[in-house]
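J.: Before I ask anything, here is the structure I am working with.
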Amino acid sequence: MTEEAFDVVVVGSCMTDLVSQAPRLPKAGETIHGHKFFIGFGGKGANQCIQAARMGAKTAMVCKVGKDFFGENYIQNFKDNGVSTEFVGQTVDSATGAASIIVNDAVKTIFNPAPAIPDLDPEFYRASDVFCCNESEAELLTGVAVASIEDAGRASEELLRRGCSSVIITLGSRGCVVLSAQEPSSPSHHVPTKPVTTVDTTGAGDSFIGALAFYMAHFPTMSLEEMARRANQVAGVSVQTIGTQASYPSKKDLPTDLF
Ligand SMILES: Nc1ncnc2c1ncn2[C@@H]1O[C@H](COP(=O)(O)OP(=O)(O)OP(=O)(O)O)[C@@H](O)[C@H]1O
Ligand SMILES: *[C@@H]1O[C@H](CO)[C@@H](O)[C@H](O)[C@H]1NC(C)=O
């Protein structure tokens, strides 16, 4: 094992997506004709890692893949994207992804509670520098119904009370809400995003988190609100084309003022 410092280390899931397009879903036991099939790289942890790597962060993925064609193929995908595979194991068991934790070398932690469980171990809140989730995860965890920006503000306050240092709740086309314990007296900030032509929002949340990890690693003194504003823009690019990782922009595809 070599001693290396990484900007972003992602512990999380790594899945191969087998995507079939068909005019409708088949009924149980029915065989129907599809018109398109493709294999894509997915898994929330791996998605976040790839987005951070494409923006220029030195990244490593910690996960396990199968000892099979898809596993080999995925390891090659990490290598093609400049992600270190030093901590990618191979097993005969299938990979499972319950939650992903991102750690950078400044010991900052982003926790993404996906898929969320209502009785999340309280230690996760206290260990999170940035607790980042979407509307439905925030609702499940806090019990606060999240329909509006104000609701998201209330849910973020509850997550802060549970011990998170800061909270981001992503709100799709409405951007996100940011709240930090450093300024407990100030209310949560809504960070809107520019309207874009939406083609496919799959993986937007992971693009957001990957970009956020990049900013935390490369611009440690930047305010969380500014990081969120920029991560909105990166994720906003990813919704304008089809695919998960296939839609994630690289540094060269992004405006220079994001760097
Ligand atoms: N329609 C959209 N227009 C512009 N930006 C968007 C849109 N949808 C998502 N985004 C961007 O992506 C971020 C994450 O989106 P969202 O809150 O939908 O996450 P998510 O539900 O985890 O996504 P998914 O499960 O589809 O990956 C938003 O905060 C925003 O920056
Ligand atoms: C939030 O993310 C989960 C995956 O963890 C997803 O199932 C859910 O649909 C997302 N919610 C919204 C509102 O996008």
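The values are calculated or read from the model by the stated rules, or taken from the named source; none is laboratory data. Not measured: the values here are computed from a predicted model. So basically every Cβ, Gly included, is an ideal-geometry build from the backbone, and we count neighbours across all protein chains shown. Please note that ligands, DNA and RNA were not included when accessible areas were found on the heavy atoms of the full protein model with its side chains. Shrake-Rupley method; radii C 1.70, N 1.55, O 1.52, S 1.80 Å.
J.: Could you derive backbone 3J(HN,Hα) for the range 190-203 from the dihedral phi with the Karplus parameters 6.51, -1.76 and 1.60 (θ = phi - 60°), listing whole Hz in sequence and x where the residue is Gly or Pro?
T.: 8, 10, x, 10, 6, x, 10, 7, 7, 10, 7, 8, 4, x
J.: List every residue whose amide H lies under 5 Å from the amide H of R162, counting only residues 5 or more places away in sequence or on a different chain, with H placed 1.01 Å from N in the peptide plane.
T.: Amide H neighbours of R162: none.
J.: Give the residue from L159, L171, P122 lying farthest towards the positive end of the charge dipole for the range 109-202; charges sit on Cβ (+1 for Lys and Arg, -1 for Asp and Glu) and the dipole is referred to the Cα centre.
T.: Most positive-ward Cα: L171.
J.: For D17, what residues show an amide H to amide H distance below 5 Å, using hydrogens built from the backbone and excluding near sequence neighbours?
T.: Residues meeting the amide H criterion: G40, F41, G42.
J.: How are the C-alpha pair distances of the chain spread across 5 Å bins, as whole percents from the shortest bin up?
T.: 1, 6, 13, 17, 19, 17, 13, 8, 4, 2, 1, 0
J.: What is the set of long-range amide H partners of Q90 at a cut-off below 5 Å, with H atoms built 1.01 Å from backbone N?
T.: Residues meeting the amide H criterion: V65.
J.: Peptides 24-32, 155-163, 189-197: what's the order by average Cβ count within 10 Å, highest mean first?
T.: Descending mean neighbour count gives 155-163, 189-197, 24-32.
J.: Spin-label point model (7 Å from Cα, Cβ direction): what's the E72 to D17 distance in nm?
T.: About 2.5 nm separates the two model spin labels.
J.: Additional query: By DSSP, what percent of the beta bridges with both residues in the chain are antiparallel, rounded to the nearest 5?
T.: So the antiparallel bridges in the chain amount to around 60 percent.
J.: In percent, what relative contact order does the chain have, based on Cα pairs under 8 Å that are 6 or more apart in sequence?
T.: 19 percent
J.: So, one more: Going Cα to Cα from K44, which aspartates and glutamates come in below 13 Å? Please leave out same-chain ones fewer than 8 positions away.
T.: Within the straight-line cut-off, K44 pairs with D17, D206.
J.: How much of the accessible area of the chain, probe 1.4 Å, is carbon plus sulfur, in whole percent?
T.: Reported share for carbon and sulfur atoms: 56 percent.
J.: Further question on the same structure: Show which lysines lie in cross-link reach of K27 when reach means a straight Cα distance below 21 angstrom and same-chain residues fewer than eight apart are skipped.
T.: Straight-distance partners of K27: K36.
J.: Hey, another quick one. Going toward the positive end of the dipole of the chain, with +1 on Lys and Arg Cβ and -1 on Asp and Glu Cβ, which of V92, V9, G82 do you reach last?
T.: Of the listed residues, the answer is G82.
J.: Got a sec to turn the phi values of the range 161-166 into Karplus ³J(HN,Hα) couplings, 6.51 cos²θ - 1.76 cosθ + 1.60 with θ = phi - 60°, whole Hz, x for Gly and Pro?
T.: Listing the rounded values in order: 4, 7, x, 5, 6, 8 Hz.
J.: Relative contact order for the range 165-204: what is it in percent, counting Cα pairs under 8 Å that are at least 6 residues apart?
T.: Averaging sequence separation for qualifying contacts and normalising by length gives 31 percent for the range 165-204.
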